[in-house]
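Only one structure is covered here, and it is reproduced in the block below.
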Amino acid sequence: MKKVYRVIKRFLDLIVSFLAIIILSPILLILSLIVKCTTKGPVLFKDTRVGRYGKDIVVYKFRTMHVDAETNIEKYLTKEELEIWTKERKLDRDPRITKVGKFLRKTSLDELPQLFNILFGTLSIVGNRPITRREYDMWFTDEEKAKISSIKPGLTGYWQVSGRSNVTFESGERQKLDLYYIDHYSMWLDIKIIFKTPFVVLFKTGAK
């Protein structure tokens, strides 16, 4: 049954991502031009995440930070902000994010290039959120890692529609949601997640 589900899911991933890229191509082009014309650096940000079987994958996003945000971090962060970033790897108001980047993140438009990830087969439309190697090693046991890496990460997923960043690794709730999806995934659950996703984005339920 799981094999049938995965075959159907991959078929739908191919069809939906291909059609979405064609339909959204004007928007993708316009956003690419806006990013290119408003800040220096590449249009896309290539982020390394953990994919299926625990292998590293490259996830594409529209670049939302200044090009030297990672290499020259002291340029943008105060001493206090740097301490928070070093400890938690996130800031409520990150000064490294560009003005256009704030809009892209708020609307989740920065993630549209991940349609190509879905087309190429490194992501699925629905799955657990792609996590960093640091998160993978820090927050999951070996048994949980085997579960997490048994499926492809997704553009949207159970965590995204159940609180997003309001549900954290630190609290232990994020892991529970990721593992719950793996234990209960089905075509019906995927459909429910897909239909919930626009409402989460529109009403900003759990901002990034």
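The values are calculated or read from the model by the stated rules, or taken from the named source; none is laboratory data. Computed from a predicted model, the values in this text were never measured in an experiment. Note: ideal-geometry Cβ built from the backbone for every residue, glycine included; neighbour counts use all protein chains shown. To get the accessible areas, we keep the full protein, side chains included, count just its heavy atoms, and leave off ligands, DNA and RNA. Shrake-Rupley method; radii C 1.70, N 1.55, O 1.52, S 1.80 Å.
Some points to look at:
- In the chain, the sites counted are GluC sites (Glu not before Pro) in DSSP loop states with at most 12 other Cβ atoms within 10 Å, and the longest stretch holding none of them, exclusive of the sites, is 71-169.
- Span-like helix criteria (full DSSP H runs; alpha carbon extent of at least 27 Å along the helix axis; mean Kyte-Doolittle hydropathy of at least 0.0) are satisfied in the chain by 2-38.
- Accessible area of the stretch 1-149 belonging to carbon and sulfur atoms, whole % at 1.4 Å probe: 64
- Where the Cα pairs of the stretch 59-118 fall when distances are cut into 10 Å bins, in %: 22, 46, 28, 4
- The stretch 1-116: C-alpha gyration tensor shape, a/c 1.5 cut-off, then a/b vs b/c: oblate
- Cα-based shape type of the stretch 5-47, given that a ≥ b ≥ c are square roots of the gyration tensor eigenvalues and the cut on a/c is 1.5: oblate
- A simple spin-label model places the labels of Val67 and His184 4.6 nm from each other, with each point 7 Å out along Cα-to-Cβ.
- Exposure of Ile84 as accessible area (Å², to 10), given a probe of 1.4 Å and all protein chains: 80
- Note on the stretch 93-148 and the stretch 1-46: Cα centroid distance 14 Å, given to the nearest whole angstrom.
- What the chain shows is 59 Å² of accessible area per residue, with the surface traced by a 1.4 Å probe over protein heavy atoms.
- For the chain, with +1 on Lys and Arg beta carbons and -1 on Asp and Glu, the positive-most of Asn128, Met138, Val7 along the dipole: Val7
- Packing-based order for 26-35, 118-127, using average beta carbon neighbours within 10 Å, highest first: 118-127, 26-35
- Spin-label zone in the stretch 43-82 - amide nitrogen under 19 Å from a point set 7 Å from the Cα of Leu91 along the C-beta vector: 63-82
- Accessible area per residue was computed with a 1.4 Å probe on protein heavy atoms; Phe11 scores about 130 Å².
- Structure-derived Cα extents along the principal axes in Å - corresponding label in (1) 68, 54, 24; (2) 45, 39, 29; (3) 53, 41, 32: (3)
- Each Lys and Arg adds +1 at its Cβ and each Asp and Glu adds -1 at its Cβ; summed about the Cα centre, the chain shows a dipole of about 560 debye.
- Gyration tensor (alpha-carbon) shape descriptor, the stretch 62-179, a/c threshold 1.5: oblate
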